[in-house]
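A.B. asks: Structure below; questions to follow.
The values are calculated or read from the model by the stated rules, or taken from the named source; none is laboratory data. All figures in this text were calculated on a predicted structure; none of them were measured in a lab. All Cβ positions, even for glycine, are placed from backbone atoms using ideal geometry, and neighbour counts span all protein chains on display. For accessibility, only protein heavy atoms count, side chains too; no ligands or nucleic acids. Shrake-Rupley method; radii C 1.70, N 1.55, O 1.52, S 1.80 Å.
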Amino acid sequence: MIKKKGTIESFNPNKIKGSIQKATIDAGYSLDEKKDIINQVFTNINKKIDEEKEIKSETIKMCLLTELDKCEPYIAKSWRRFDDKYKSR
């Protein structure tokens with residue numbers, strides 16, 4: 001995976017799943033309540049990543065947000081809010 005600053009890092013699926021879970025909680029849902037959706041989004045993102053030899057972290061984020069926008073817009077909004085607050089520093 002190619003990070004925003006150009007460094008290369010191996011893909012860690014647990015980071016993505018953890019981020020989805022944090023956004024779910026921040027959106028006011030329990031993980032049990034949204035377990036199926038979290039797993040589906042995670043599976044779809046992993047399929048996309050498996051298709052690419054090298055993928056930018058920004059592409060992963062955009063795919064993730066597209067998936068969340070389709071099925072859980074409140075969780076997508078939570079992710080964006082977190083991104084705006086902490087990643088823009």
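A.B. asks: Has segment 21-36 got at least one residue that is under 13 Å from the mean Cα position of the chain (by Cα) and at pLDDT below 90? Show your work before the answer.
C.D. replies: Start the filter on segment 21-36 by keeping residues that are under 13 Å from the mean Cα position of the chain (by Cα), which leaves 21-24.
With at pLDDT below 90 added as a condition, the list becomes none.
Checked against the condition, which is being under 13 Å from the mean Cα position of the chain (by Cα) and at pLDDT below 90, segment 21-36 yields no hits at all.
A.B. asks: Name the pairs whose Cβ atoms lie under 6 Å apart, with the first residue in segment 14-28 and farther than 16 Å from Met62 by Cα, the second open to solvent by 60 Å² or more (accessible area, probe 1.4 Å), and 6 or more positions between them or separate chains?
C.D. replies: What qualifies is Gln21/Leu31; Ala27/Tyr74.
A.B. asks: Moving on to the next point. Could you grab me the full set of residues in segment 37-82 that are more than 14 Å from the chain's Cα centre (by Cα) and part of a helix (DSSP H, G or I)?
C.D. replies: Asp50, Glu51
A.B. asks: Might you check whether a residue that is in contact with a strand residue (DSSP E or B) (Cβ under 8 Å, 6 or more places away or on another chain) and either open to solvent by 80 Å² or more (accessible area, probe 1.4 Å) or under 23 Å from Lys3 (Cα atoms) (or both) occurs anywhere in segment 57-77?
C.D. replies: yes
A.B. asks: Of everything in segment 13-32, what is open to solvent by less than 60 Å² (accessible area, probe 1.4 Å) and over 20 Å from Lys70 (Cα atoms)? Give them in sequence order.
C.D. replies: The answer is Pro13, and nothing else.
A.B. asks: May I ask you to list the residues in segment 33-56 that are open to solvent by 40 Å² or more (accessible area, probe 1.4 Å), touching a helix residue (DSSP H, G or I) at 6+ places or on another chain (Cβ under 7 Å) and closer than 16 Å to Gly18 by Cβ?
C.D. replies: The one that is open to solvent by 40 Å² or more (accessible area, probe 1.4 Å), touching a helix residue (DSSP H, G or I) at 6+ places or on another chain (Cβ under 7 Å) and closer than 16 Å to Gly18 by Cβ: Ile37.
A.B. asks: So, in segment 39-55, of the ones that are among the aliphatic types (A, V, I, L, M) and in contact with an Asp or Glu (Cβ under 9 Å, 6 or more places away or on another chain), which residue ends up nearest to Met1 (Cα to Cα)? Talk me through it step by step, then tell me what you get.
C.D. replies: Step one: of segment 39-55, the residues among the aliphatic types (A, V, I, L, M) are 41, 45, 49, 55.
Remaining after also requiring in contact with an Asp or Glu (Cβ under 9 Å, 6 or more places away or on another chain): 41, 45.
Details: Val41: 19, Ile45: 13 Å.
Restricting to residues being among the aliphatic types (A, V, I, L, M) and in contact with an Asp or Glu (Cβ under 9 Å, 6 or more places away or on another chain), the top hit is Ile45.
A.B. asks: Still on this structure: Condition first: touching a Ser or Thr at 6+ places or on another chain (Cβ under 6 Å) and in a helix (DSSP H, G or I). Can you find one or more residues in segment 21-31 that meet it?
C.D. replies: yes
A.B. asks: Residues being in contact with a helix residue (DSSP H, G or I) (Cβ under 7 Å, 6 or more places away or on another chain) and either open to solvent by 60 Å² or more (accessible area, probe 1.4 Å) or closer than 23 Å to Arg81 by Cβ (or both): count how many of those fall in segment 1-10.
C.D. replies: Residues in segment 1-10 being in contact with a helix residue (DSSP H, G or I) (Cβ under 7 Å, 6 or more places away or on another chain) and either open to solvent by 60 Å² or more (accessible area, probe 1.4 Å) or closer than 23 Å to Arg81 by Cβ (or both): 2 in total.
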